[in-house]
Amino acid sequence: MPSRPSNLRRYLSVYLALWRNSIIREMGFKANFLLWIVVEGLWFVLQLGFVGVLYLHTDRIGDWTKWQVVMLIGAGHCIQQVFQAFFLVNCSNLSELIRTGKMDFMMLMPINTRFLVSLRQVDLGAFVNAGSAVGVMVYAGMQLGLSPTLGQMAGAAFLGVTAIFIHYALMFLLATASFWTVKAQGIVWGYYNLFNISRLPDSAFRAGWFRNVFTFVLPMILVANVPVKVLIDKMRSPWEPLLLVAMAVVAMAASEAVWRISLRRYTSASS
């Protein structure tokens with residue numbers, strides 16, 4: 001039986017090969033690569049411009065000032081782009097793997113199928129857009145006069161990664177509907193469009209069903225708000241970061257359980 005270090009080395013070598021393939025693919029279509037960076041960058045600028053217009057007419061949204069909201073939008077965009085870099089294309093392509101029969105070959109490979117399905121492509125342009133979002137966050141922090149401690153930055157980074165895994169687990173869970181419906185891109189992209197909610201301050205939402213759904217079922221309100229609250233020292237209670245971590249654990253466990261059930265149901269494209 002192979003040892004754990006050898007397994008780790010094998011998975012690392014496979015992942016590096018997937019990265020090389022992604023780089024070759026992106027460089028084969030350079031114009032498309034650059035165009036998507038520009039498109040995402042323009043969308044980010046439009047969001048920042050919208051906030052600028054809003055704050056021409058008010059000083060605060062709830063208890064969030066202009067530059068706090070700018071940092072929130074930057075954090076939301078960074079989380080979205082890192083998620084897009086690693087997982088978005090792979091989750092949305094699951095239905096095509098099933099429909100075309102490529103899933104058969106994935107399952108025959110001597111490596112964890114979910115690992116391969118989830119990480120086989122990397123969107124390199126998204127890293128550029130994530131970097132611009134971090135730059136906006138740094139600038140907003142300067143405008144706010146922030147001097148976050150190392151602990152705050154580490155905590156915010158950890159919660160940001162936790163948010164990415166929540167997005168991945170929930171989108172992967174939705175993508176497994178492909179085993180029953182064959183095509184599920186509409187469900188997957190519908191979830192992706194909800195990301196915009198994460199860029200709004202939590203105090204902009206009144207208590208009610210909408211806020212409860214997007215806090216406790218699809219935690220869009222938490223994923224960017226909680227890391228930013230840590231950075232701007234706006235966290236008044238530990239329940240929000242604890243809830244975010246707990247929801248990540250539950251979402252990952254649920255997606256794994258449904259994935260295993262789905263694989264048992266799968267009978268290949270030819271049967």
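The values are calculated or read from the model by the stated rules, or taken from the named source; none is laboratory data. What you see is a predicted model, and the numbers here were worked out from it, not measured in a lab. Here the Cβ positions follow ideal geometry from the backbone for every residue, glycine too, while neighbour counts run over all protein chains shown.
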Lone unmet requirement of (1) touching a residue at least 12 places away in the same chain (Cβ under 8 Å); (2) out of contact with any Cys (no Cβ under 8 Å at 6 or more places or on another chain); (3) within 22 Å of Val249 (Cβ to Cβ) for Gly160: (2)
Using the structure shown, decide if Ala133 is within 22 Å of Ala253 (Cα to Cα), in contact (Cβ under 8 Å) with a residue 40 or more places away in the chain and of a type in the set (Gly, Ala, Ser). no
When you go through (1) under 24 Å from Ile197 (Cβ atoms); (2) modelled with pLDDT of 90 or more; (3) of a type outside the set (Gly, Ala, Ser) one by one for Phe115, which number turns out not to apply? (1)
Working carefully through the options Asn32, Asn112, Asn90, find the one that is polar (S, T, N, Q) and over 26 Å from Ser132 (Cα atoms). Asn112
Checking Trp189 against (1) within 23 Å of Thr113 (Cα to Cα); (2) among the aromatic types (Phe, Trp, Tyr); (3) modelled with pLDDT of 80 or more: exactly one of these is not met. Which one? (3)
Name the single residue that is modelled with the highest pLDDT among those in the range 201-234 being more than 16 Å from the chain's Cα centre (by Cα) and in a loop (DSSP other than H, G, I, E, B). Ile232
Inside the range 30-121, counting only helices (runs of 4 or more DSSP H) that do not spill past its ends, which hold 2 or more residues that are within 19 Å of Trp189 (Cβ to Cβ)? 30-54, 66-83, 89-92, 94-100, 113-119
Qualifying positions in the range 256-266 - touching a residue at least 60 places away in the same chain (Cβ under 8 Å) and aliphatic (A, V, I, L, M): Val258, Leu263
Scanning for something over 26 Å from Ser92 (Cβ atoms) and in contact (Cβ under 8 Å) with a residue 12 or more places away in the chain, does the range 242-255 turn up at least one residue? yes
How many residues does the range 167-223 contain that are more than 30 Å from Leu263 (Cα to Cα) and aliphatic (A, V, I, L, M)? 6
Conditions (1) touching an Asp or Glu at 6+ places or on another chain (Cβ under 9 Å); (2) over 23 Å from Met220 (Cα atoms); (3) of a type outside the set (S, T, N, Q) -> Val117 fails only (1)
So, first residue closer than 19 Å to Lys66 by Cα in the range 138-153, second residue outside any loop (DSSP other than H, G, I, E, B) and of a type in the set (S, T, N, Q), Cβ within less than 8 Å, six or more apart or across chains; the pairs are Ala140/Gln68; Leu144/Gln68
When (1) surrounded by 12 or more Cβ atoms within 10 Å (Cβ to Cβ); (2) among the acidic types (Asp, Glu); (3) closer than 28 Å to Ser203 by Cβ are applied to Asp59, the one that fails is (1)
